[in-house]
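Derivation of every value follows stated rules applied to the coordinates shown; laboratory data play no part. Keep in mind that this is a model prediction, so the values were computed, not measured. Methodologically, a virtual Cβ is constructed for each residue, glycine included, from the backbone with ideal geometry; neighbour enumeration extends over all protein chains shown.
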Ligand SMILES: C[S@@+](CC[C@H](N)C(=O)[O-])C[C@H]1O[C@@H](n2cnc3c(N)ncnc32)[C@H](O)[C@@H]1O
């Protein structure tokens, strides 16, 4: 047997709360939010309840306090009192909730995610409240904050839409077209006026849907390290233009019906030339599609994101950039090797070990600084040269190095070595890309996994 889910309209209705502690206070607050008139029975009151406008009618519970109430909540730490409240309420056919005592409840209070006027309630029939709370946390993260504003907007236009479309199926099609459009994005920016204009235009029969382009940082691979904005963009995209560095776990979060365009981009493997990638972005967004250019890590850290922004601007296409966790930050967190640390490193350098053909190599000797952490991207093939140069610049051969391959992914590997042995380590362990080299005294804080 399962509980019957239901929302109660308690506005202006009497509700009895028995208990005066912090748990009772949370119930009182929720009831006030719902517009209920709270009648309270408790021996002692916590400061918050004492300062709130409750009607404190008695110190001891007696069945007469249930007269005229629609709902009773027992939130005392006295089991006998809780039982008495439940028994009396049941005898009068009044819904009763006893906090943390499922067996005494005829009504249970779900975990909720609120985006007023939208409320999502989660219940496990009282069997796994911790799981219900965990689900609530997930939804809190995934349901955009602007959901409430969107629902309110739809509510304001409900009558107008109903008079414009007589048939239910036409109305439904209209609302679906609205939800598929850019209204959410406009509300996310706080632009209610633009959202209303969009709705009015749709109502007038104009197809105003315009494409957008977002450069989105996919982080190092672990999907839990995506930002909420990145997740929302990925799930809204019609087209995803992605690099090989973007993990499968992240790709799996996209809509199944999106178009996926792989542009490769991994050293040594076939990849689409940069101008061609830019042309794809301009073409797809220009055709009115919602395009996510998904890049490993952060789009602006060795990601050529700047070039793509310039290309979009030149084509008159609006572009947003959603940051991602760059490999240095991710590998540092995963391995608990801080990038800066009092006494060990007061600066850090993110540098690429892979220069463009004909491009300028980093000035490694100048980067051989004490009290500094070097995070070297794409440094595998040049590791021998880099180590030699850093030592020629003054770093000791014993300078600690941590190599992190596939940081944050299930196949992650780490190798603790030093500058003098870096090239040998890379070769012997056959370290593969993507890998980050972390060099400096902060690496002494690294602890091998037990
Ligand atoms: C073209 S760069 C892109 C960097 C990316 N935009 C970022 O912010 O992390 C690719 C290099 O980033 C580093 N990298 C990216 N993801 C990594 C990961 N999960 N673990 C270790 N290194 C990573 C590697 O050095 C790799 O060769």
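Between helix 192-203 and the chain, what is the angle of the helix's C-alpha long axis to the longest principal axis, kept within 0 to 90° and rounded to the nearest 10?
It works out to around 80 degrees.
Show that you can apply the helix-only estimate: for the chain, add -39,500 (n - 2.57) for every DSSP H stretch of four or more residues, divide by all residues, and state [θ] at 222 nm to the nearest 500.
The helix contribution divided over the chain gives -10000 deg cm²/dmol.
For a test of the definition: using alpha carbon positions, the gyration tensor, and the 1.5 limit on a/c, classify region 55-107 as rounded, prolate or oblate. Write down the numbers at each step before the final one.
Values: a/c = 1.68, a/b = 1.14, b/c = 1.47.
Oblate shape, in that a/c is at least 1.5 and b/c is the bigger or equal ratio.
Simple spin-label model, 7 Å along Cα-to-Cβ: residue 62 to residue 32 in nm?
About 2.8 nm, to one decimal.
Against the longest principal axis of the chain, how steep is helix 168-180, in degrees 0 to 90 to the nearest 10, with axes from Cα atoms?
Computed tilt is about 40 degrees.
So how far, in whole Å, is the C-alpha centre of region 217-257 from the one of region 127-179?
If we compute the Cα centre of each part, the gap is 23 Å.
Let me have the relative contact order for the chain, percent, based on Cα pairs under 8 Å that are six or more residues apart.
After rounding, I find 9 percent.
Using Cβ contacts closer than 10 Å as the measure, can you line up 386, 122 from fewest to most?
If I rank by nearby Cβ atoms, fewest first, I get 122, 386.
Take 105, 331 and order them by how many other Cβ atoms sit within 10 Å, fewest up front. The partial results should precede the final answer.
Numbers: 105 20, 331 28.
The order, fewest Cβ neighbours first, is 105, 331.
Between region 384-435 and region 304-331, how far is it from one alpha carbon centroid to the other, in angstrom?
With region 384-435 and region 304-331 each reduced to a Cα centre, they are spaced 29 Å.
Would the chain count as rounded, prolate or oblate if I go by the C-alpha gyration tensor, calling it rounded below 1.5 in a/c and otherwise prolate when a/b exceeds b/c, oblate otherwise?
Because a/c hits 1.5 or more and a/b fails to exceed b/c, the chain counts as oblate.
On a 0 to 90° scale, report how tilted helix 274-286 is relative to the longest principal axis of the chain, with both axes built from alpha carbons and the result rounded to the nearest 10.
So the inclination is approximately 30 degrees.
Going by a ≥ b ≥ c, the root eigenvalues of the Cα gyration tensor, does region 212-322 fall in the rounded group (a/c under 1.5), the prolate group (a/b larger than b/c) or the oblate group? Can you show the working numbers first?
Values: a/c = 1.44, a/b = 1.16, b/c = 1.24.
Here region 212-322 falls in the rounded category.
Separation between the residue 90 and residue 447 pseudo-spin-labels, each 7 Å from Cα along Cα→Cβ, expressed in nm?
5.2 nm
Using the 10 angstrom Cβ neighbour count as an exposure proxy, how do 399, 425 rank, fewest first? Please report the intermediate quantities before stating the final value.
Numbers: 399 22, 425 16.
The fewest-first ordering by Cβ neighbours comes to 425, 399.
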